[in-house]
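Peer 1: Sharing a structure below in structure tokens format, with a few things to ask.
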Amino acid sequence: MRNREHFAPNRRQFLGGLAGLGLASAFPSVVPARAFGAADRVRVGFIGVRNQGSNNLKALLGRADAEVAALCDVDSEVLARASALVAERAGSTVPTFSDYRELLDRPDIDAVLITTPDHWHALPTIDACKAGKDVYCEKPLSLTVAEGRAMTSAARSHDRVVQTGSQQRSSSEFRRAAEAVRNGRIGTIRQIVVGLPGVNFEGPPVPDTKPPAELDYDFWLGPAPFRPFNPKQVHYNFRFFWPYSGGQMTNWGAHHLDIVQWALGRDESGPVRVDPVSVSYHPEAWYEVPTTSEVVYTYDDGVQVRCRQGLGDPNGIRFEGSDGSIFVARGKLEADPQEILDEPAGSDAIRLEVSRNHFENWITCIKDRNRPICDVEIGHRSATVCHLGNIAARLGRPIPWDPVRETIDDDDEAAAMLSRPYRAPWALTG
């Protein structure tokens, strides 16, 4: 992705520049989705094709209801590998781009799948909505609460289907756990304990250096504040530095706290108070996010969620109630007593089954224009819980939260952390 100051803009670059700056969109306010026949395939452009982006690319290449239509990445070597993979598996080449705005300008693309670092989730999602593309954006949906609200506004105002990549909602073990809690199978909830893994940064750190030739580092930074290139602050490790992500709280927390929200029936709400119990950092500051943390979320009905990161708890969620408990993790679902899960649900039971495959759900919703299982509003609210935990941990004090107005009252310093300034010339709008 080239810096726009380095070349004279043509029409495509000008349109993309307007979108990136957050100015009045050059795209129509609402672009209708094309009419899909039963056998039609959704044409998907990929923005970000390294690591999880490569995994998503492989998953879509194996589907009969979608086709890979274009690829984009700021790293030319990563882009070349992805292009070769598509050619090998699909038997043909697809257009490649270094600037996501050029990909969005193509009329033959129905939707985009965004797998970038967290600080690059909001602008491509918003610009895609303005361009009439539906979106699958990896978790956490946003870098800040303000971004999540702007992304939701863009999806609604442009009538787009936006799926958050919180794929645990499409896994049976998490659905069954959430259903059991929603139906009162564990009785009155006493507490919920969320276990998150520790930081997996591979140290020691290394000095700053010149960016490699294959990486457009200025565009990789994008709206984030300028920092010299450091090879251990990009690619996977971006998530351990505040300008780009929020540590394991927004990495694994975005998965597990999303399931907590689902089980509590709070998909469009959240806690009312966040208390940091303990926070520790690397003694030599190898990275910026907490090494360990414990944060307690309190909801308006008194339910408390204890989120423990890097403290040795199993990576998963334990729901503890007056009549029993449930532990759920990927590939694991246990209850005490087991009857909580084994007894058949009554005809009037709450049933949450919507999806058994996250990509299939997204593609189906693109065709029928329904909202997906982890709609943008849901993804925004779950990411908000993570952001609030990080704000409380960083400040070292409790913070109040109004989930209706989405505000922190009586704490100006905390409230200011709900958003972040963008590096010029980028700006955030919905």
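Peer 1: Sort out which residues of region 63-81 are under 24 Å from Asp40 (Cα atoms) and touching a residue at least 24 places away in the same chain (Cβ under 8 Å), and write them in order of number.
Peer 2: Listed by number, the residues that qualify are Arg63, Asp65, Ala66, Glu67, Val68, Ala69, Ala70, Leu71, Cys72.
Peer 1: Moving to a separate point now. Kindly list the number of the only condition in (1) surrounded by fewer than 21 Cβ atoms within 10 Å (Cβ to Cβ); (2) closer than 18 Å to Pro372 by Cα that fails for Gln261.
Peer 2: (1)
Peer 1: Within region 396-414, can you find the residues that are closer than 25 Å to Ala155 by Cα and in contact with a helix residue (DSSP H, G or I) (Cβ under 9 Å, 6 or more places away or on another chain)?
Peer 2: Trp401, Pro403, Glu406, Thr407, Ile408
Residues are listed down the side, and each one gets a yes or a no for (1) under 27 Å from Val234 (Cα atoms); (2) part of a helix (DSSP H, G or I); (3) at pLDDT 95 or above; (4) not hydrophobic (A, V, I, L, M, F, W, C):
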residue	(1), (2), (3), (4)
Gly37	no, no, no, yes
Arg50	yes, no, yes, yes
Lys58	yes, yes, yes, yes
Glu67	no, no, yes, yes
Ala70	yes, no, yes, no
Asp108	no, no, yes, yes
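Peer 1: Something else: I'd like to verify a number: residues in region 330-353 that are open to solvent by 60 Å² or more (accessible area, probe 1.4 Å) and either more than 30 Å from Val274 (Cα to Cα) or in contact (Cβ under 8 Å) with a residue 60 or more places away in the chain (or both), how many?
Peer 2: Of the residues in region 330-353, 13 are open to solvent by 60 Å² or more (accessible area, probe 1.4 Å) and either more than 30 Å from Val274 (Cα to Cα) or in contact (Cβ under 8 Å) with a residue 60 or more places away in the chain (or both).
Peer 1: Name the single residue, out of those in region 286-321 being free of Cβ contacts under 8 Å to residues at least 24 places away in the same chain and acidic (Asp, Glu), that is nearest to Gly203 (Cα to Cα).
Peer 2: Out of the qualifying residues, it is Glu294.
Peer 1: Evaluate the following for Val376: is it open to solvent by 50 Å² or more (accessible area, probe 1.4 Å) and hydrophobic (A, V, I, L, M, F, W, C)?
Peer 2: no
Peer 1: Among residues belonging to region 415-430 that are within 19 Å of Glu288 (Cβ to Cβ) and loosely packed, with under 14 Cβ neighbours inside 10 Å, point out the one that is nearest to the chain's Cα centre (by Cα).
Peer 2: Pro421
Peer 1: Among the numbered criteria (1) open to solvent by 30 Å² or more (accessible area, probe 1.4 Å); (2) of a type in the set (Lys, Arg); (3) under 30 Å from Gly331 (Cα atoms), which single criterion is violated by Arg81?
Peer 2: (3)
Peer 1: What is the number of the single condition among (1) surrounded by 16 or more Cβ atoms within 10 Å (Cβ to Cβ); (2) under 21 Å from the mean Cα position of the chain (by Cα) that Arg356 does not meet?
Peer 2: The single condition Arg356 does not satisfy is (1).
Peer 1: So, one more: Quick check on region 87-97: of everything there that is polar (S, T, N, Q) and touching a helix residue (DSSP H, G or I) at 6+ places or on another chain (Cβ under 7 Å), which residue is least open to solvent (accessible area, probe 1.4 Å)?
Peer 2: Among those residues, the one meeting the criterion is Thr96.
Peer 1: Right, another one. Among the residues in region 401-414, are any polar (S, T, N, Q), surrounded by 24 or more Cβ atoms within 10 Å (Cβ to Cβ) and outside any loop (DSSP other than H, G, I, E, B)?
Peer 2: Taking every residue of region 401-414 in turn, none turns out to be polar (S, T, N, Q), surrounded by 24 or more Cβ atoms within 10 Å (Cβ to Cβ) and outside any loop (DSSP other than H, G, I, E, B).
Peer 1: Hey, another quick one. Give the residues of region 147-160 that are touching a strand residue (DSSP E or B) at 6+ places or on another chain (Cβ under 9 Å) and open to solvent by 10 Å² or more (accessible area, probe 1.4 Å), sorted by residue number.
Peer 2: Scanning region 147-160 gives a single hit, Arg160.
Peer 1: Filter region 98-121 down to residues that are open to solvent by 20 Å² or more (accessible area, probe 1.4 Å) and among the hydrophobic types (A, V, I, L, M, F, W, C), then give me how many there are.
Peer 2: 0
Peer 1: Suppose we filter region 362-373 for residues that are crowded, with 21+ Cβ neighbours inside 10 Å and assigned to a helix (DSSP H, G or I); how many remain?
Peer 2: Going through region 362-373 one residue at a time, the tally reaches 3.
The values are calculated or read from the model by the stated rules, or taken from the named source; none is laboratory data. Since the structure is predicted, the reported quantities are computational estimates derived from the model, not experimental observations. Positions of Cβ are generated from backbone atoms using ideal geometry, with glycine treated the same way; all protein chains shown enter the neighbour counts. Side chains are part of the model used for accessible areas, which takes the heavy atoms of the whole protein and leaves out ligands, DNA and RNA. Shrake-Rupley method; radii C 1.70, N 1.55, O 1.52, S 1.80 Å.
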